[in-house]
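Below: the structure, in structure tokens.
Just so it is clear, none of the values below were taken in a lab; they were calculated from the coordinates. Computed from a predicted model, the values in this text were never measured in an experiment. Please note: Cβ atoms are built from the backbone with ideal geometry, for glycine as well, and neighbour counts cover all protein chains shown.
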Amino acid sequence: MAELGFTVIDDGRAVEVAPAEGVERARHAQGAGRPVAIDPDERAAYLGVAASVRARALASLEAPDFTLPDLDGRLHTLSNHRGKKVLLVAYASW
Amino acid sequence: MWQATHEELRGFGFTIVTVALDKSPEAARPWIEAAKPAHPSLIDTRHVVADLYNMVNVPTIVWIDARGRIVRPNDVAFGTDTFKHITGLEAAKHLGALRAWVRGEAAPLSEGRTRELQALPTETHQQARAEFGLGQWLFEHGRAEAAARHFERAGELAPHDFTIRRGTMPMRGIDPMGPEFREMLGAWTKAGNPYYRPLPE
């Protein structure tokens, strides 16, 4: 069953579905204006977030919230720092 | 890179939050262990923050006020002058402005100006991010060859996004400081495009 499945990554979460359902979900997301990356050979699809949704959120000037782990796997949420000024810095080793 | 600034300003109701756009916690570990940060130092292998904030390169900084509102949109700033000889960007200018804002000595940008300076994503760019997301998932699941195809497609769709074009090099077996990067950078800048896009003010 596992090798016959199809993975849909939606909102960052991966779910295993039957191939026909996976293709249908991808088509539906595309129809709703979402960006979709699909790989039939790998039987996987990634449903992204539409530019209009991102643009609206950014233009509101509310800082988009997120939860991410530190090196020890401990989760941190940006909005827990409400009440403080925050300098958000994205960097990388590359 | 940022620990000294965090220490200096933390008494003013301020924190730094860093996010590493790296392929794994292990890739970021040496940097974090060397910096010994007292601030949250997070790992973002899936580029969640790059997608949410429409970031296209590193470093990218954002100022967020105590109410959780963006008061300075994506800008380029370094915490120290370690890379000044390469980037030509000095840390002092941003640090001075940051200090003044955190201490309440200077107002940040107005809402109107902040919006004017924001770069918003296009549909093509979000398609590139979906290709990156699929590639990243495939890479996590040991399908590096398939992942590379989607990373390359993502880079074609968003040639200005170096979190994709350079950030995926380590997942494609390419040295992100090596000849392939220099060649990409050379072609990009020769065509009149900037690698870093600091805000004009």
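Just the number: Rg to Rh for chain A, Cα atoms, Kirkwood Rh, two decimals.
Ratio of gyration radius to Kirkwood radius: 1.08.
Using Cα atoms only, what is the angle between the long axis of helix A:19-31 and the major principal axis of chain A, expressed in degrees (0 to 90) to the nearest 10?
So the inclination is approximately 50 degrees.
Just for the Cα atoms in the range B:41-89, what are the lengths along the principal axes, largest first, rounded to whole Å?
Principal extents (Cα only, largest first): 35, 26, 20 Å.
Any chance you could run the full-extension gain for B:ARG67 through B:ASP81? It's 0.36 nm times the residue separation minus the Cα-Cα distance, nm to one decimal.
2.0 nm
Filter the trypsin sites (Lys or Arg not before Pro) in the range A:21-77 to those in DSSP coil with at most 13 other Cβ atoms within 10 Å of their Cβ, and list the result.
Sparse-neighbourhood loop trypsin sites (Lys or Arg not before Pro): A:ARG74.
Considering the Cα trace of the range B:23-124, what is its radius of gyration and what is Dmax, both in angstroms?
For the range B:23-124, the Cα radius of gyration and maximum Cα-Cα distance read 15.2, 41 Å.
What relative contact order, as a whole-number percentage, does chain A give when Cα pairs under 8 Å and 6 or more residues apart are counted?
Relative CO of chain A lands at 18 percent.
Counting other C-beta atoms within 10 Å, which of A:PHE66, B:PHE78 has the fewest, and how do the rest follow?
Result, fewest neighbours first: A:PHE66, B:PHE78.
Could you please tell me the mean projected area of the C-alpha convex hull for chain B, averaged over all directions and given in square nanometres to one decimal?
11.8 nm²
Using Cα pairs under 8 angstrom and six or more residues apart, how large is the relative contact order of chain B, in percent?
About 19 percent, as a whole number.
Evaluate the Kirkwood expression for the hydrodynamic radius of the range B:1-62, namely the inverse of the mean inverse distance over all pairs of different C-alpha atoms, and round to one decimal in Å.
Kirkwood hydrodynamic radius for the range B:1-62: 12.5 Å.
Quick one: order B:ILE174, A:ILE38 by neighbouring beta-carbon count within 10 Å, fewest to most.
Lowest count first: B:ILE174, A:ILE38.
Using the count of nearby Cβ atoms within 10 Å as a rough guide to exposure, how do B:ILE164, A:ILE9 rank from fewest to most?
So the ranking, lowest neighbour count to highest, is A:ILE9, B:ILE164.
Tell me the label-point distance for the pair A:SER60, A:ASP41, using the 7 Å Cα-to-Cβ offset, in nm and rounded to one decimal.
About 4.1 nm, to one decimal.
Is the C-alpha gyration tensor of the range B:67-175 telling us rounded, prolate or oblate? Criteria: a/c under 1.5 is rounded; beyond that, a/b larger than b/c is prolate, otherwise oblate.
prolate
Which of the three applies to the range B:120-201, rounded, prolate or oblate, going by the alpha-carbon gyration tensor with a ≥ b ≥ c and a/c under 1.5 meaning rounded?
Taking the square roots of the gyration eigenvalues as a ≥ b ≥ c, the range B:120-201 is oblate.
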